[in-house]
């Protein structure tokens with residue numbers, strides 16, 4: 001029984017790391033720009049393909065190519081924002097949803113045309129390695145690396161938001177767009193920067209997913225759904241809330257999967273039921289704030 | 001009416017007559033074969049393979065059948081059931097095709113079924129493993145199914161594993177919560193039990209799950225001899241990698257169709273060692289040429305070389321299945337002497353050819369399909385990066401089944 005509890009805890013922590021990676025970029029973009037980016041999953045997918053081709057064609061380990069993939073993702077996100085989203089920022093929210101959804105579909109179909117629907121994966125040695133704490137308790141190295149990177153990303157983002165000039169400006173825009181503008185902050189530039197950063201996190205997440213999940217043009221949508229669930233649980237404008245949401249979801253899913261017969265089939269359903277409950281009881285999520293002007 | 005008007009009317013009548021005659025002649029000149037295939041969307045890999053096979057068959061046949069040009073009319077189902085309905089309707093009602101080849105995925109075939117029932121074209125289906133099609137239309141005389149159903153997989157797998165491992169072994173089954181896993185499960189239960197296996201675990205996994213650790217931990221505790229993974233390729237990759245990472249203590253690992261696929265093999269690297277799979281065709285199978293149709297059905301090495309020369313890649317099982325199915329249809333049209341679908345159906349039933357995927361002869365299936373060809377599947381095992389063939393006897397390259405590398 002002890003080993004079962006340890007294994008549940010280990011798996012939940014490692015899965016929480018993966019979920020944090022999936023949601024952090026989306027959370028940042030929404031928290032600052034209020035744009036619900038339905039193309040975020042496709043940004044992750046493109047990051048995964050970039051890491052895959054770096055690995056397959058050039059022999060570059062996905063962890064080595066990760067910074068370059070993140071920079072490319074950031075540039076792509078910036079261009080995307082400036083060329084499309086920036087023009088409809090004052091439009092009704094549904095326009096942004098439709099636009100990002102359309103962009104996601106275009107990116108997905110582009111990937112099918114360019115790379116076919118075949119599954120791919122990077123295969124570095126750590127993706128196949130594990131440690132045994134006991135005979136029954138296993139730690140997968142790949143997931144541990146993902147967990148470590150999730151910690152680095154979150155701490156880095158929080159540090160940037162707290163201590164850098166641009167980070168403080170980003171927080172100001174996030175808290176009150178009109179007041180930030182009156183203080184001389186270029187709101188549109190901050191939006192573009194946040195969206196670029198969000199895409200950089202998405203692409204970097206893709207590089208990590210390249211050795212954890214099969215890469216296909218369709219991998220983005222399930223990631224997007226999971227990310228939405230997490231940021232709604234945690235609070236849509238809170239990075240810390242996103243982390244809590246990710247680990248909360250991971251713990252619930254893992255515990256159900258281990259402890260309930262055929263639990264892995266139930267796990268997601270129960271988790272999303274809790275999400276519905278959260279929307280009914282506390283619509284702003286665990287750490288979200290109500291009534292924010294944006 | 002003036003002379004000019006009379007001339008103009010005469011010219012118009014002449015041109016209209018020419019156009020009409022031309023159109024009729026063109027219609028008589030060609031025999032249309034409709035191909036509702038997933039050229040885009042999530043089943044695009046299936047559709048692309050089927051199109052390669054059909055295109056090659058038409059070309060190898062010489063582009064003409066019964067003295068008339070073969071016109072291949074492809075419609076993209078976009079891997080979407082609603083679009084598939086439109087594809088079938090267009091092909092059958094607007095293009096008025098008498099022959100259909102495809103689609104591959106069961107949901108697309110099921111979507112096209114109502115439209116097909118109204119038109120009753122001769123329908124060759126080189127896919128649709130889920131027996132839903134059999135239940136709905138298996139008794140239809142114009143349906144020709146040229147791919148094994150799900151239960152054929154388990155008949156061959158259970159027989160092969162029992163023959164190699166002996167009776168009374170413990171079996172654990174992992175199945176996905178999608179149509180694929182749920183459809184395969186009852187057949188796996190039935191045929192493995194019939195062959196003396198003791199099922200010690202049946203674990204459901206969510207299709208697309210990021211983490212299979214809980215399920216693998218449960219499997220580890222019951223210590224089965226064989227693990228059977230009833231999932232599709234994407235989940236098969238995840239299962240294979242995570243079973244390896246967990247160093248799962250199960251000696252024999254068995255999948256369905258995915259261990260034959262290059263994308264599964266590339267994505268799973270060292271974790272693929274020892275996995276057993278089923279397929280209708282695998283490069284390395286040694287089949288002899290058909291004595292009556294050596295150009296269409298040469299020996300398997302020759303056909304493989306021809307395919308690689310044409311497409312610069314190795315064929316997969318759908319490439320071969322679509323090729324063989326189309327060739328058989330064309331031979332039947334030729335033997336029927338033209339575009340009479342009832343006669344073609346009769347000729348197709350009489351046909352008996354030796355192909356790269358075994359004997360091409362239609363007969364009733366154990367599940368009730370009237371016209372079923374190629375019910376036997378090849379059981380193979382990944383050993384040192386290549387395929388060892390365990391079944392059927394005629395293609396066997398090894399008599400020894402290997403344990404998974406980390407279980408040795």
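The values are calculated or read from the model by the stated rules, or taken from the named source; none is laboratory data. Everything quoted here is computed from the prediction, not taken from an experiment. All Cβ positions, even for glycine, are placed from backbone atoms using ideal geometry, and neighbour counts span all protein chains on display.
Looking across B:347, B:394, B:342, B:334, one residue alone is modelled with pLDDT under 95 and part of a helix (DSSP H, G or I). It is B:394. The residues on offer are A:145, A:106, and the sole one that is in a helix (DSSP H, G or I), more than 12 Å from chain B (Cβ to nearest Cβ) and without any contact (Cβ under 8 Å) to a residue 12 or more places away in the chain is A:106. Residues that are touching a residue at least 40 places away in the same chain (Cβ under 8 Å) and over 27 Å from residue A:18 (Cα atoms) within the stretch B:194-226 comprise B:222, B:223, B:224, B:225, B:226, listed in sequence order. Determine which member of the set B:188, B:257, B:269 is touching a strand residue (DSSP E or B) at 6+ places or on another chain (Cβ under 9 Å) and either more than 14 Å from chain A (Cβ to nearest Cβ) or at positive phi (or both). Answer to the check: B:188. For residues that are under 26 Å from the mean Cα position of the chain (by Cα) and part of a loop (DSSP other than H, G, I, E, B), scanning just the stretch B:210-254, find the one that is nearest to the other protein chains (Cβ to nearest Cβ). Filtering first and then ranking leaves B:232. When you look at residue A:255, is it crowded, with 21+ Cβ neighbours inside 10 Å, over 18 Å from the mean Cα position of the chain (by Cα) and facing chain B (nearest Cβ under 10 Å), yes or no? It is false that residue A:255 is crowded, with 21+ Cβ neighbours inside 10 Å, over 18 Å from the mean Cα position of the chain (by Cα) and facing chain B (nearest Cβ under 10 Å).
In the set (1) farther than 24 Å from residue B:237 by Cβ; (2) out of contact with any strand residue (DSSP E or B) (no Cβ under 7 Å at 6 or more places or on another chain); (3) within 14 Å of chain B (Cβ to nearest Cβ), the condition left unmet by residue A:150 is number (1). The residues of the stretch A:207-226 that are away from every other protein chain (no Cβ under 12 Å) and under 9 Å from the mean Cα position of the chain (by Cα) amount to a single one, A:224. Scanning the stretch A:115-125 for residues that are buried (at least 18 other Cβ atoms within 10 Å of the Cβ) and within 7 Å of another protein chain (Cβ to nearest Cβ) returns A:117, A:118, A:119, A:120, A:121, A:123.
Might you let me know whether the stretch B:258-266 holds any residue that is under 25 Å from the mean Cα position of the chain (by Cα), part of a loop (DSSP other than H, G, I, E, B), in the same structural domain as residue B:158 (by TED's automatic domain parsing) and over 30 Å from residue B:168 (Cα atoms)? Yes, that holds for at least one residue.
Could you please let me know if residue B:325 is in a loop (DSSP other than H, G, I, E, B) and either modelled with pLDDT under 95 or in the same structural domain as residue B:134 (by TED's automatic domain parsing) (or both)? Outline the logic, then answer.
Working: in a loop (DSSP other than H, G, I, E, B): no; either modelled with pLDDT under 95 or in the same structural domain as residue B:134 (by TED's automatic domain parsing) (or both): yes.
When the stated conditions are applied, residue B:325 does not pass them.
The lone criterion from (1) over 30 Å from residue B:184 (Cβ atoms); (2) free of Cβ contacts under 8 Å to residues at least 60 places away in the same chain left unmet by residue B:338 is number (2).
Assess whether residue A:26 counts as being surrounded by fewer than 24 Cβ atoms within 10 Å (Cβ to Cβ), in contact (Cβ under 8 Å) with a residue 60 or more places away in the chain and over 30 Å from residue B:216 (Cα atoms).
The answer is no for residue A:26.
Within the bounds of the stretch A:23-41, is there any residue that is farther than 15 Å from residue A:231 by Cβ and part of a helix (DSSP H, G or I)? Working first, answer last.
Of the stretch A:23-41, the ones farther than 15 Å from residue A:231 by Cβ are A:39.
From what is left, the residues that are part of a helix (DSSP H, G or I) are none.
There is no residue in the stretch A:23-41 that is farther than 15 Å from residue A:231 by Cβ and part of a helix (DSSP H, G or I).
Evaluation of residue A:199 against the conditions (1) more than 12 Å from every other protein chain (Cβ to nearest Cβ); (2) more than 26 Å from residue A:89 (Cα to Cα) shows that the sole unmet condition is (2).
For the stretch A:126-141, which residues satisfy the criterion of being at pLDDT 85 or above and either surrounded by 12 or more Cβ atoms within 10 Å (Cβ to Cβ) or more than 9 Å from every other protein chain (Cβ to nearest Cβ) (or both)? Step through it out loud before you land on a result.
Let us first name the residues in the stretch A:126-141 that are at pLDDT 85 or above, namely A:126-133, A:137-141.
A:126, A:127, A:128, A:129, A:130, A:131, A:133, A:137, A:138, A:139, A:140, A:141 - these are the residues of the stretch A:126-141 that are at pLDDT 85 or above and either surrounded by 12 or more Cβ atoms within 10 Å (Cβ to Cβ) or more than 9 Å from every other protein chain (Cβ to nearest Cβ) (or both).
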